[in-house]
Amino acid sequence: MSTQAKKMSVVQLTILTFINMAGSGIIMLPSKLAQVGTISVLSWLITAAGSLALAYVFAKCGRFSKRDGGMNGYASYAFGPSGAFMAGWTYGLSLLIANIAIAITCVGYGAAFFNATLTPYETCMYTIAILWICSIANFGGAKITGQIGSFTVWGVILPVCSLGIVGWFYFNPTMYADAWNPHHLPFGEAVSSSIAMTLWAFLGLESACANSESVENPEKNVPIAVLGGTLIAAAVYIISTNICSGIVPNNILAVSDAPFSTVWSTMLGSTAGRVVAGLSVLACAGSLLGWQFTIASVFKASADGGFFPKLFSQVDHRGTPIKGIVAITLIQSALSLMTISPSLYEQFEALVNLAVVTNVIPYVLCMAAIFIMQRIAHVEAKERHVTDFMAVIATAYSFYALYGSGFEAMMWGSIVTFLGWSAYGLIAYRHEPLAQ
């Protein structure tokens, strides 16, 4: 079998990009947004605009970059080897953290499906088990991951997308209006308080770039997958989450560990709620499968560049970095033990905020790199100016998202970022010409 035959098609990569966002990013959101109120629809609009700007620039990066490694390669245009390292370091940490949050989400919907109440210890153990199951499922390689993703995406499409049609028959405009700003927060605070969570839903728009070496004709197909996946996700997110707030009372929705299951139970009864919970577990597992594949690709890219241990570069005959996947899952298992909390939701929110902060850093690096990247590629001035403008918008939004993540997440995100600079100092001699 040829190498090309083992790679994902543009359709599979678009689906993988979408489910990396929708498969986990959306199914806990109604609860978080209900804590703020339906005023969070404004956060959605801001984040959708910011994410599309990010997606547009990432599409251009995929078109003009001649360097491997996804965001690592993009960042290197402006910041050299140290920038490539920091993009891989912060993005890798972000995915380590985010994938645990995805697994926790899967556990929450699984508990709803089985009508079970889990202790913090049981939640942790099930989280670790799901991480390992999804990691082992990736041993088949990129094409298998793409095929599984094409199937599990229906776990989102069926209950979430159909809610955009069925939900209107149960939608109560008065309930939606009453939930606008239940805690009477100042306008700016109300909008910014849910920015991090809405950006969490769009994390994954860059995953097509991270998997660029595993797709057919990446120069053409990566931009299509980035923009296509982001546009689909934006429409699904805004419609479905806002419908929820007009079906379930705000005080109930805000404390639900499986909000879409709660919504369908309200509309059609407990059986429908359990079916949706089961479908959500399927979608979440598929999303985690894709993200575990993506994080292995990110670590491999950094290892290929001489930044991470060579263990992560080793692949089998299918090109799958199995040793790297195992090592990553061991790290995640250890981190999962540190997240035990009495509240499933508290675990999820804390992990999400930290994941957003560390994920935005490589975004900022790549947005800055597009300016020089286009000049090296001799892009015409008119096209270059449009992309430069979009990069400025995307960067402004990224800093706003950092602000909205809160003090604690910013503090921990800063610490792990500064730790990365120290770590690079230990290997800088390998990459700086003057040290040779």
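Structure values in brief
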read-out: Prolate/oblate/rounded call for the range 84-159, Cα gyration tensor, a/c under 1.5 rounded; value: oblate
read-out: Of Phe151, Phe312, Phe299, the one that fluctuates the most in a GNM where the chain has Cα springs shorter than 10 Å; value: Phe151
read-out: The range 296-436, accessible area per residue, ligands and nucleic acids excluded (1.4 Å, Å²); value: 51 Å²
read-out: Helix-only mean residue ellipticity at 222 nm for the chain, each DSSP H run of n ≥ 4 adding -39500 (n - 2.57), per residue, nearest 500; value: -24500 deg cm²/dmol
read-out: Spatially close lysines, pair count over the chain: Cα under 19 Å, gap of eight or more or interchain; value: 16
read-out: Thr174 accessible area, 1.4 Å probe, all protein chains in place, Å² to nearest 10; value: 90 Å²
read-out: Integer Hz, Karplus 6.51/-1.76/1.60 couplings in order for the range 300-311, x for Gly and Pro; value: 5, 4, 5, 5, 4, x, x, 9, 10, x, 4, 3
read-out: Calculated from backbone phi, Karplus (6.51, -1.76, 1.60) coupling profile of the range 174-182 in Hz, x at Gly/Pro; value: 5, 4, 5, 5, 5, 8, 4, 8, x
read-out: Whole-Å distance, taken between Cα centres, linking the range 91-116 and the range 258-316; value: 8 Å
read-out: J(HN,Hα) series, the range 26-36, from Karplus relation 6.51 cos²θ - 1.76 cosθ + 1.60, nearest Hz, glycine and proline x; value: 9, 6, 10, 5, x, 5, 4, 5, 5, 5, 8
read-out: Full-extension gain in nm, Leu337 to Tyr429, via 0.36 nm per residue minus C-alpha separation; value: 29.6 nm
read-out: FRET efficiency for His184 and Thr117, using Cβ-Cβ distance with R0 set to 35 Å, rounded to 0.05; value: 0.60
read-out: Nearest 10 degrees, 0 to 90: helix 407-427 Cα axis against the chain principal axis; value: 20 degrees
read-out: Size of electric dipole in the range 294-397: Cβ of Lys, Arg +1 and of Asp, Glu -1, about Cα centre, debye, nearest 20; value: 340 debye
read-out: Cα-centre dipole for the chain with unit charges at Cβ (Lys and Arg positive, Asp and Glu negative), debye to 20; value: 960 debye
read-out: Förster radius 41 Å - calculated FRET efficiency between Thr417 and Asn251, Cβ distance, rounded to 0.05; value: 0.60
read-out: Length-normalised contact order of the chain in % [C-alpha pairs under 8 Å, at least 6 apart]; value: 35 percent
read-out: R0 of 60 Å, Cβ-Cβ distance Ser270-Glu216: FRET efficiency to nearest 0.05; value: 0.85
read-out: Accessible surface of Glu380 - all protein chains present, 1.4 Å probe, nearest 10 Å²; value: 140 Å²
read-out: Ranking by accessible area, most exposed first, for Ile133, Ile376 with a 1.4 Å probe; value: Ile133, Ile376
read-out: Nonlocal amide H pairs with Ile247, under 5 Å, H built at 1.01 Å; value: Asn172
read-out: Helix axis angle, 142-152 relative to the chain longest principal axis, alpha carbon, degrees; value: 10 degrees
read-out: His183, His317, His431, ranked by accessible area, largest first (probe 1.4 Å); value: His317, His183, His431
read-out: Of Trp89, Ile27, Phe260, farthest towards positive along the dipole that unit charges on Lys, Arg, Asp, Glu beta carbons give the chain; value: Trp89
read-out: Gyration tensor (alpha-carbon) shape descriptor, the range 257-405, a/c threshold 1.5; value: oblate
read-out: Euclidean distance between Cα centres, the range 176-203 to the range 374-422, Å; value: 22 Å
read-out: Distance in nm between pseudo-label sites at Val166 and Leu231 (7 Å out along the Cβ direction from Cα); value: 2.8 nm
read-out: Accessible-area ranking of Ile26, Ile144, largest first, probe 1.4 Å; value: Ile144, Ile26
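The values are calculated or read from the model by the stated rules, or taken from the named source; none is laboratory data. Note that the structure is predicted; figures quoted are calculated from it, not measured. Every residue, glycine among them, receives a Cβ derived from its backbone with ideal geometry; neighbour counts consider all protein chains shown. SASA here: full protein model, heavy atoms, side chains in, ligands and nucleic acids out. Shrake-Rupley method; radii C 1.70, N 1.55, O 1.52, S 1.80 Å.
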